[in-house]
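What follows is a set of notes on a single structure, which appears directly below.
The values are calculated or read from the model by the stated rules, or taken from the named source; none is laboratory data. Quick caveat: nothing in here was measured; it's all calculated off a predicted structure. So basically every Cβ, Gly included, is an ideal-geometry build from the backbone, and we count neighbours across all protein chains shown.
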Amino acid sequence: MIDPRRALLVAELTAGGRSASRYAVPHAHAFARPWSRLVAGLVLRLARVPLLDQFAIREEVFYDLLVRRLATEPHGLLVDIGSGFSTLGYRWAQARPDCQVFELDLPEVSERKRQRVEALGRPANWRTHGLDLERQPLSSVLAGARARVLVAQGVFPYFSEAEIAERLGRWRRECLLEDGLVLFDLLDAGFPGSTTANRRQGLFKSRFDSPAAAVALLHRAGFSQAEVLPLNALGAAHGWPNPGPNGLFVCVGECSGSTPMGEVGV
């Protein structure tokens, strides 16, 4: 069971990491607290492996994938699961007033996120709601609505491989449109920071050895198109120098249609 206090702390430190990172994304400072930015800054300077930089790179890669995939598509619902203090949903709501954005996280995190968005100026097409994925199905808060895109940043490392496959399959059947898209990340087993964090905190329940293992997971969940790429390769494609060793795999699954990333699928 996920401890809400620990989840809130992780969300705050992740926001601080995005804000302190050399790859800081728009609005990252507004969603981070001064103390979390300070702590994350110290970690970034002391760590041999820039783990927190990965969070900023991930957010920008996810946003770029949304822009490239949905630039010409009107309307649609984007659901950001485990959104924490990510800027992704807020930025998408601002950029696409024709789309609806629904952010979900544990109630303790969701309420603080709402307060920070209200302070910035809440877009009319943005809303948030508390959700405990271990106790509530995603469909229970969507009330029959189906999403064009489901995003899950930093969610699945807390679940086992079997649990991930079960949830992805259920989301595909109950929560996505027929041509819907799911976008998420998985932990790279070869990343030194993941092993250290797991040993010290006991946080992570799944790590993946290769993109092929993550692709197999998506196919097992029923997605007809699947692609997985290392985050550092996507970061390098953005022109970011020295993104460091890979920490995360970026995964895209599509119910039907063309390969999501515009690359050759596996």
Would you point out the residue of the range 27-42, among those that are buried (at least 16 other Cβ atoms within 10 Å of the Cβ) and over 26 Å from G121 (Cβ atoms), that is modelled with the highest pLDDT?
V39
Only one of A47, A24 is under 18 Å from G235 (Cα atoms), of a type in the set (G, A, S) and modelled with pLDDT under 85, namely A24
Just to verify a result, which residue in the range 155-188, among those that are surrounded by 21 or more Cβ atoms within 10 Å (Cβ to Cβ) and of a type in the set (D, E), is modelled with the highest pLDDT?
D185
Here the residues within the range 96-118 that are part of a helix (DSSP H, G or I) and touching a residue at least 12 places away in the same chain (Cβ under 8 Å) are P107, E108, V109, S110, E111, R112, K113, R114, R116, V117
Does F85 count as touching a residue at least 40 places away in the same chain (Cβ under 8 Å), closer than 20 Å to V252 by Cα and either crowded, with 21+ Cβ neighbours inside 10 Å or touching a helix residue (DSSP H, G or I) at 6+ places or on another chain (Cβ under 6 Å) (or both)?
no
Based on what the data block shows, is E59 touching a residue at least 60 places away in the same chain (Cβ under 8 Å) and part of a helix (DSSP H, G or I)?
yes
If C99 meets every condition in (1) out of contact with any Pro (no Cβ under 9 Å at 6 or more places or on another chain); (2) modelled with pLDDT of 85 or more apart from one, which number is that one?
(1)
Filter result for the condition that a residue is modelled with pLDDT of 90 or more and more than 15 Å from L168 (Cβ to Cβ), over A212, A221, A197, A236
A212
Taking the range 66-82 only, how many residues are buried (at least 19 other Cβ atoms within 10 Å of the Cβ) and out of contact with any strand residue (DSSP E or B) (no Cβ under 6 Å at 6 or more places or on another chain)?
2
Scan the range 167-181 residue by residue and report those that are touching a residue at least 60 places away in the same chain (Cβ under 8 Å) and either charged (D, E, K, R) or closer than 13 Å to G253 by Cα (or both).
L168, R172, L176, L177, E178, D179, G180, L181
Filter the range 119-154 for residues that are among the hydroxyl-bearing types (S, T, Y) and assigned to a helix (DSSP H, G or I); which is surrounded by the fewest Cβ atoms within 10 Å (Cβ to Cβ)?
S140
